[in-house]
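To keep things clear, I will list the structure first and then write my remarks on it.
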């Protein structure tokens, strides 16, 4: 996923427009997280989150190709 698409998805989520984008699921995780371990069966996969700012709101977001999910963590 490219950076522009990630920003668009995060903007829509923060502005409460949509919690999905096409086939991509958007999931909110605990606040102030910069990494998330996605559990799949007996194994896990680390998803690194990057900082995004939308309308003065700071959050962290990352994409998992395995589950086609964007994980969002609010900074505040």
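Of the labelled options (i) 1.09; (ii) 0.95; (iii) 1.02, which one gives Rg/Rh (Cα atoms, Kirkwood Rh) as computed for this structure? From the options (i) 1.09; (ii) 0.95; (iii) 1.02, the structure gives (ii). In terms of its alpha-carbon gyration tensor, region 3-44 comes out prolate; a/c meets the 1.5 threshold, and the first ratio a/b outweighs b/c. Here the gap between residue 39 and residue 12, fully extended at 0.36 nm per residue and compared with their Cα-Cα distance, gives a gain of 7.1 nm. Placing a pseudo-label 7 Å from each Cα along the Cα-to-Cβ vector at residue 30 and residue 4 gives an inter-label distance of 3.6 nm.
Here is how the number arises for the chain: DSSP H runs of 4 or more residues each give -39500 (n - 2.57), the sum is divided by the residue count, and the result at 222 nm is -5000 deg cm²/dmol.
Between the Cα long axis of helix 3-14 and the first principal axis of the chain there is an angle of about 70°, rounded to the nearest 10. Taking 11, 38, 22 as the candidate residues, the one with maximal mean-square fluctuation in a Gaussian network model of the chain, Cα springs under 10 Å, is 22.
For the chain, the share of DSSP beta bridges that are antiparallel, to the nearest 5, is 85%. Given their separation in residues at 0.36 nm each and the Cα-Cα distance between them, residue 74 and residue 58 gain 5.1 nm when the chain is fully extended.
Rule-based calculations on the coordinates, nothing more; no lab input. The structure presented is a predicted model; accordingly, all values stated were derived computationally and were not measured. Backbone-built Cβ (ideal geometry, glycine too); neighbour counts: all protein chains shown.
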